[in-house]
């Protein structure tokens, strides 16, 4: 059997990790993720000892994460309390820690005989460790390797049954099939098993492509998603709050008074193509209406809207101030709405003690109607470490780590996913920013919504973080078979269909409005009903199959 020197194998594992990450957004070169997976399967298979396999699994994980999480470092450039270099220290430290998960999977695989049994065991163990990465120590599910399937024809649709961890398992099996075909001294049976695995993946991809068709209904509510392109560098400048609120109001008002966009009034010529319009700011301001024209436009808009509400979606932290305590602010927000319109936006809520002191702050989503009434509120449950709270604050502050957002009072978590029932619109599931990355934890148990509003602030994260965040939302749409409307201040705002297809988006770093018909949900998927039980059961099956085959073919010595 071919043996590689330990330093060379370690270097190859780092390179394999870098190659694996090139399948993630924004590059989306998914065949490279298959290649990187094949490389790590081969390296673990050829490792001289279990200890070396552990090191190689760690090196691959570190290479994957450190080369794809650079957006975290960008967020530190907006924080004066910490040097910008601390961002890359954090990226390296986080990558080194979460690389332990694939390392443990590689170590476990070496208890099974080489070839197909070891591949099955590695895949099952890897799926378990990816699940643990998302739940232990608050969890960090960013960029499961299966996310690279999003741009591969059909494969991502398997998430309807097996979730993100299952897609990662399919990725390792694909790479492993390639390895078994090329494995030195492979038997005829080994090469045959590799070919069968690749044929299985092609069959799954073909099946997935047959499930991509989506149907839309013209009587669904209209979505207006506003992206003002307010960068993090200007968010807290002098006088910024009033300017930024006015930008949201102006864009929304201009979109609602365009009668051809109001309440989805444009005809739908194809039932499989939703009415979608993306308006950049330059186009919105292409003409100025006279007062008579505005009056006529408002009248026509009211007539149309009375039959069907328009849902306006603003980003996380779009409104500065305590909106629950400020009637004048609520009136200002409601002034742009038609009679049945609803505004969904992000802001902050506060709890106070008996003498009026703030005891608790929450990062919240609010729903406001045209009468300036707050109809619902959702409090973010899964908070972002360092962004909204400082874990182990005393220790972190001693080493120079503070919150990335201004303020010394940490946010408090909400109770978890909630379905908001609002008269006139389909039941709404709310997710704020980072929460959308956690599979099986985006909807309220036993009370499935018809769509998800995901408001976020991705202005922190440079050019690579926003497209990666959008990719996580697409995975959740497929897993739950629910449409997702996404609003961010700088991009990428989007409407995502229940099959994960992007129906409309406002490009990163631009100002504009998306107007689209809200797609309907599809029937609940197997994953939506059973959650992580499905991929964990599949992982257990793969582990058992690997152990059984390993005993048949001979024990592993190291």
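A few points about this structure:
- When residues of the range 377-419 are limited to those that are at pLDDT below 65 and outside any loop (DSSP other than H, G, I, E, B), the one surrounded by the fewest Cβ atoms within 10 Å (Cβ to Cβ): 394
- Flag if residue 92 is surrounded by fewer than 17 Cβ atoms within 10 Å (Cβ to Cβ), part of a helix (DSSP H, G or I) and touching a residue at least 12 places away in the same chain (Cβ under 8 Å): yes
- Note on the range 279-376: enclosed strands (runs of 3 or more DSSP E) holding 3 or more residues that are under 17 Å from residue 489 (Cβ atoms) and modelled with pLDDT of 95 or more are 342-352, 358-369.
- Qualifying residue in the range 7-23 (condition: crowded, with 18+ Cβ neighbours inside 10 Å, more than 29 Å from residue 197 (Cα to Cα) and out of contact with any strand residue (DSSP E or B) (no Cβ under 6 Å at 6 or more places or on another chain)): no
- Residue within the range 42-54 that is in contact with a helix residue (DSSP H, G or I) (Cβ under 6 Å, 6 or more places away or on another chain), over 22 Å from residue 22 (Cβ atoms) and in a loop (DSSP other than H, G, I, E, B) present: yes
- Residue check for residue 121: crowded, with 18+ Cβ neighbours inside 10 Å, part of a helix (DSSP H, G or I) and modelled with pLDDT of 95 or more: yes
- Odd one out for residue 142, checked against (1) more than 23 Å from the chain's Cα centre (by Cα); (2) touching a residue at least 40 places away in the same chain (Cβ under 8 Å): (1)
- Screening residue 474 on (1) surrounded by fewer than 24 Cβ atoms within 10 Å (Cβ to Cβ); (2) touching a strand residue (DSSP E or B) at 6+ places or on another chain (Cβ under 6 Å); (3) assigned to a helix (DSSP H, G or I) shows it passes everything except condition (1).
- All conditions in (1) closer than 24 Å to residue 310 by Cβ; (2) at pLDDT 95 or above hold for residue 424, with the sole exception of (2).
- Any hit, the range 14-25, residues being over 21 Å from residue 92 (Cβ atoms), touching a helix residue (DSSP H, G or I) at 6+ places or on another chain (Cβ under 8 Å), modelled with pLDDT of 95 or more and not in a helix (DSSP H, G or I): yes
- Hits in the range 420-443 (condition: under 12 Å from residue 482 (Cβ atoms), out of contact with any helix residue (DSSP H, G or I) (no Cβ under 9 Å at 6 or more places or on another chain) and outside any strand (DSSP E or B)): 426, 427
- Inclusion of residue 157 among residues that are closer than 25 Å to residue 524 by Cβ, surrounded by fewer than 23 Cβ atoms within 10 Å (Cβ to Cβ) and touching a residue at least 60 places away in the same chain (Cβ under 8 Å) is warranted.
- Residue 536 being in a helix (DSSP H, G or I), closer than 19 Å to residue 318 by Cβ and touching a residue at least 40 places away in the same chain (Cβ under 8 Å): no
- Residue in the range 187-207 that is surrounded by fewer than 22 Cβ atoms within 10 Å (Cβ to Cβ), modelled with pLDDT of 90 or more and not in a helix (DSSP H, G or I) present: no
- Selection count where residues are modelled with pLDDT of 85 or more and surrounded by 14 or more Cβ atoms within 10 Å (Cβ to Cβ), scope the range 210-230: 11
- Residue 482 assigned to a loop (DSSP other than H, G, I, E, B), modelled with pLDDT of 95 or more and closer than 20 Å to residue 211 by Cα: yes
- Test: residue in the range 65-79 that is in a loop (DSSP other than H, G, I, E, B), out of contact with any helix residue (DSSP H, G or I) (no Cβ under 8 Å at 6 or more places or on another chain) and more than 21 Å from residue 39 (Cβ to Cβ): yes
- In the range 95-113, the qualifying residues are those that are surrounded by fewer than 23 Cβ atoms within 10 Å (Cβ to Cβ) and over 16 Å from residue 60 (Cβ atoms), and the one that is modelled with the lowest pLDDT is 113.
- Within the range 179-190, residues that are without any contact (Cβ under 8 Å) to a residue 40 or more places away in the chain sit with their Cβ atoms under 6 Å from residues that are surrounded by 11 or more Cβ atoms within 10 Å (Cβ to Cβ), at 6+ positions apart or across chains, in these pairs: 181/191; 181/194.
- Meets criteria (surrounded by fewer than 24 Cβ atoms within 10 Å (Cβ to Cβ) and either without any contact (Cβ under 8 Å) to a residue 60 or more places away in the chain or under 17 Å from residue 21 (Cα atoms) (or both)) for residue 172: no
- The range 24-38: number of residues that are within 16 Å of residue 123 (Cα to Cα) and crowded, with 22+ Cβ neighbours inside 10 Å: 5
The values are calculated or read from the model by the stated rules, or taken from the named source; none is laboratory data. Bear in mind that the values here come from a model prediction, so they are computed numbers and not experimental data. Positions of Cβ are generated from backbone atoms using ideal geometry, with glycine treated the same way; all protein chains shown enter the neighbour counts.
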